[in-house]
Amino acid sequence: MPQPVRRPKDRISVLIITGDHMTSELLRNAFAHGRSGFSVETITGSSQQIISGLAARRADVALISEDLQDGPLAGVKVLESLHTSQGPPAIMLLQDCKPEGVIEAFRGGARGIFYRTRSLKDLPKCIRTVHNGQIWASNDDLEHLVRALAAGTLRMESPKGMALLTPREAEVVRLIAGGLRNREIAQALNVKEHSVSNYIYRIFEKLGVSSRVELVLYASGHGEPS
C-alpha cells in the first residue's frame, strides 16, 4: 500500500517593517537557527514609502518598529494604515515600556507589544500568540492602559460583544478597566470573591478573551480583531 504523502506544515508568514536593514536582519535571525514554521520578509524605509508598498505584501503577522526613517513613532502611521485597511494583525516593536508608546500602539490597532530589551528568543512565541488571535502584552502594559482610561485619554466604548453581557457582568468589566482586583471588585459589589471569579470566567467566554489585558483592550474598543 502506498504511503500517504506528507505535506509541510503551514508556515506563519511574518512581515518585518523597520527603518534600517541592520535591524531587519537582527530580527530575521530570531527565526533562524533551525526554527521552522515561519517565513520572513522584510521592508525598510520611511512610513510613506512602506505604506505605499504594503498593498503588494501579504503576511499573516506584521512586526513594526516604532522608529522608521522619518523619525520616532513613525511606525504608528504604518500600524494605523494596516489596521484601517484590515491588514494582518500587527505587533509594535518598542524601545522601552514608556506609557505614551504603549498607549499609542494599542490605540493604533496593535495586537501585541514587543520590547527591544526582551530576548529575541521570545519573539517567535509572541508571533504565534498574536497569530492565534490573542494579545501579547505585559502587566505593565495593562497598568498603562488602566491609567489612560482613568485619565480619559483612552475612552471606554461599546464593542458589539458587550451586548452579550448582563448588567452585573458589564459592571465587573468597568471595575476591571478601573484597575480593581478581584477582592476589591467583590467589596465594591458586595459579593464574595469566588462570585467575581465566576463572573470573569463567563465574561471571558462570552467575549472570547483570555486575560485582563485583552479584556481592557476589548472594552476600550481597541482589542477587537481587524
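Roughly speaking, what is the stretch gain from Gln69 to Asp140, that is 0.36 nm per residue apart minus the C-alpha to C-alpha distance, in nm to one decimal?
Using 0.36 nm per residue and subtracting the Cα-Cα distance, I get 22.7 nm.
So if we plug the beta-carbon distance of Arg57 and Ser210 into 1/(1 + (r/R0)^6) with R0 = 30 Å, what FRET efficiency do we get, rounded to 0.05?
0.55
Which three lengths, in whole Å and largest first, does the chain cover when its Cα atoms are put on their principal axes?
Projected onto the principal axes, the Cα atoms of the chain cover 61, 56, 31 Å.
Using modelled amide H (1.01 Å from N, peptide plane; none on Pro or chain starts), what sits under 5 Å from the amide H of Asp70, excluding residues fewer than 5 places away?
Ser47
Any chance you could run the full-extension gain for Arg168 through Lys121? It's 0.36 nm times the residue separation minus the Cα-Cα distance, nm to one decimal.
The Arg168-Lys121 span can extend by a further 12.8 nm.
Quick check of the Kirkwood formula: for region 144-219, what is the inverse mean of 1/r over all pairs of different Cα atoms, in Å?
It is 12.5 Å.
How charged is the neighbourhood of Val78? Take every other residue with its Cβ under 12 Å from the Cβ of Val78, and add Lys/Arg as +1 and Asp/Glu as -1.
After counting each charged neighbour, the total is -2.
From the helices alone, meaning DSSP H stretches of at least four residues, give me the mean residue ellipticity at 222 nm for the chain, per-run term -39500 (n - 2.57), in deg cm²/dmol to the nearest 500.
-12500 deg cm²/dmol
Out of the GluC sites (Glu not before Pro) in region 85-149, which ones are loop residues according to DSSP with at most 12 other C-beta atoms within 10 Å?
The qualifying sites: there are none.
Check the chain and count each lysine pair with an alpha-carbon distance under 25 angstrom, considering only pairs eight or more places apart or from different chains.
Here the count comes out as 7.
No value in this document is a laboratory result; all are computed from the given coordinates. Please read these numbers as outputs of a predicted model, since none were measured by experiment. No Cβ is skipped: glycine too gets one built from the backbone with ideal geometry, and neighbour counts run over all protein chains shown.
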